[in-house]
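Structure, as structure tokens:
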């Protein structure tokens, strides 16, 4: 389970976040490319845009479920 106290500073403000347990597998970026990005220098994913449409919300939920290390957290209802 993702730890809010360990979230990356690059995450866009909002409910979704990626924490420091990310292993840069790129799964979230491939699943929801409009909402996740890879920090090329530090080698970790982060939330680049909070989901705002039903399709984006569904893809982000899929990314959360597919994260092999559970590094994606959701503080809200999306």
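The values are calculated or read from the model by the stated rules, or taken from the named source; none is laboratory data. Since we're looking at a predicted model, the values are computed, not measured. Every residue, glycine as well, gets a Cβ built from its backbone with ideal geometry; the counts of neighbours run over all protein chains shown.
Assorted remarks:
- Residue in segment 43-58 that is modelled with pLDDT under 95 and over 8 Å from the mean Cα position of the chain (by Cα) present: yes
- Unmet criterion (only one of (1) out of contact with any helix residue (DSSP H, G or I) (no Cβ under 7 Å at 6 or more places or on another chain); (2) free of Cβ contacts under 8 Å to residues at least 24 places away in the same chain; (3) at negative phi) for residue 43: (3)
- For segment 36-51, the candidate set comprises residues that are in a loop (DSSP other than H, G, I, E, B) and in contact with a strand residue (DSSP E or B) (Cβ under 9 Å, 6 or more places away or on another chain); within that set, the residue that is surrounded by the fewest Cβ atoms within 10 Å (Cβ to Cβ) is 49.
- Output for segment 57-70, where each listed residue is buried (at least 17 other Cβ atoms within 10 Å of the Cβ) and either within 14 Å of residue 12 (Cβ to Cβ) or out of contact with any helix residue (DSSP H, G or I) (no Cβ under 9 Å at 6 or more places or on another chain) (or both): 57, 60, 61
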